[in-house]
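In what follows, a structure is listed as structure tokens, so that the remarks can point back to it.
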């Protein structure tokens, strides 16, 4: 074999290795970004909730039809004619929780301004009225992830 052939093969192998390395880095970055966007997925229970079923005592963050869905028991929220189970699309971006308005006529996303991690991906606090639409629920509650 000639020296030129070996030189060209060496360059080709080097370029192939560089392409593979960039591909692996890109895949790892995508996986990391996807994980960061979904820290809420799972079932969360409200701490210090009284015995029995209470509105928003459990929040479930899941995927349905390719969308992120927040669902919870909501009897009486925001009023007596609303369904007992709320289900709405949510987004979690830059450490902030947003969900589509389930309590009105518009379809805009509502920001849960009081959302705050206590222990990232394990517990958070929020003012209850920003989940349930009870004006009297202007106090913070804590949710803990159970799965």
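Within the set 110, 124, the sole residue that is part of a strand (DSSP E or B) and closer than 18 Å to residue 67 by Cα turns out to be 110. Let me confirm something: among 69, 63, which residue is under 29 Å from residue 136 (Cβ atoms) and at pLDDT 95 or above? Just a single option satisfies the conditions, and that option is 69.
The set of residues from the stretch 127-147 being part of a loop (DSSP other than H, G, I, E, B) and either farther than 12 Å from residue 40 by Cα or in contact with a helix residue (DSSP H, G or I) (Cβ under 7 Å, 6 or more places away or on another chain) (or both) comprises 131, 132, 133, 134, 135, 136, 137, 138, 139.
Yes or no, residue by residue, for (1) touching a strand residue (DSSP E or B) at 6+ places or on another chain (Cβ under 6 Å); (2) more than 23 Å from residue 127 (Cβ to Cβ); (3) at pLDDT 95 or above:
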{"position": "33", "(1), (2), (3)": "no, yes, no"}
{"position": "44", "(1), (2), (3)": "yes, no, yes"}
{"position": "54", "(1), (2), (3)": "no, no, no"}
{"position": "78", "(1), (2), (3)": "no, no, no"}
{"position": "83", "(1), (2), (3)": "no, no, no"}
{"position": "103", "(1), (2), (3)": "no, no, no"}
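Quick check on residue 48: is it at positive phi and loosely packed, with under 14 Cβ neighbours inside 10 Å? Answer is yes for this residue.
The values are calculated or read from the model by the stated rules, or taken from the named source; none is laboratory data. These numbers come from a predicted model, not from an experiment. Ideal geometry is used to build each Cβ from the backbone, glycine not excepted, and the neighbour counts take in all protein chains shown.
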